[in-house]
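We did not get these values from a lab; they are worked out from the coordinates using the rules stated. Please read these numbers as outputs of a predicted model, since none were measured by experiment. Because the Cβ atoms are built from the backbone with ideal geometry, glycine has one as well, and the counts that use them run over all protein chains shown.
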């Protein structure tokens with residue numbers, strides 16, 4: 001089922017999510033909904049709190065982008081084990097429709113998370129998949145991509161977003 005994506009400044013987007021204790025049918029259904037919602041919105045990543053569920057779950061599917069080998073993952077209770085390098089990328093966000101900002105991220109990550117079977121797995125992510133992971137991980141910690149931009153760039157981005165929201169209304 002396609003769910004409504006919450007947009008900034010909804011308070012859940014600024015609230016850290018809770019760990020998932022049990023992976024059951026309800027969590028499986030949520031993950032299905034997350035993928036459907038992400039695909040419907042033409043996104044490449046989605047955190048559970050973006051659809052109103054304050055749980056440490058993200059889905060990623062970089063298949064639509066031809067920038068790197070495709071990665072499709074369900075990550076439950078993800079953690080970063082190591083990070084290296086840096087890369088700048090102009091990011092968009094489903095919770096900030098129409099807005100893009102350049103963000104500096106780590107180029108390469110090693111992360112661990114549970115999959116839908118509850119098995120803990122380790123993944124090496126580099127380039128675009130690493131960027132998407134970091135963007136969604138920020139969501140799970142109550143951080144938005146706009147929080148990664150400082151000074152005048154942040155003010156300009158927020159002003160642009162406010163204008164976009166006004167045009168929609």
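Taking 0.36 nm per residue of separation and subtracting the Cα-Cα distance, what length does fully extending residue 83 through residue 162 add? Intermediate results must be reported in sequence, preceding the final value.
On the way: separation 79, 0.36 × 79 = 28.44 nm, distance 3.37 nm.
So the chain would gain 25.1 nm between residue 83 and residue 162.
Would you calculate the convex hull of the Cα atoms in the chain and tell me its volume per residue in Å³?
Value for the chain: 110 Å³ per residue.
Where does each of 117-128, 54-65, 88-99 land if you order them by average Cβ count within 10 Å, highest first?
Going from most to least packed, we get 54-65, 88-99, 117-128.
Arranged by the count of other C-beta atoms within 10 angstrom, fewest first, what order do 32, 155, 105 take?
155, 32, 105
Give, in nm to one decimal, the length gained when the segment between residue 63 and residue 116 is fully stretched (0.36 nm per residue of separation minus the Cα-Cα distance).
17.1 nm
Any idea how far apart residue 41 and residue 22 come out in nm if each label point goes 7 Å out from Cα toward Cβ?
2.9
On a C-alpha basis, how far is the centre of the range 12-79 from the centre of the range 116-135 in Å? Whole number, if you could?
Measuring centre to centre over Cα atoms gives 11 Å.
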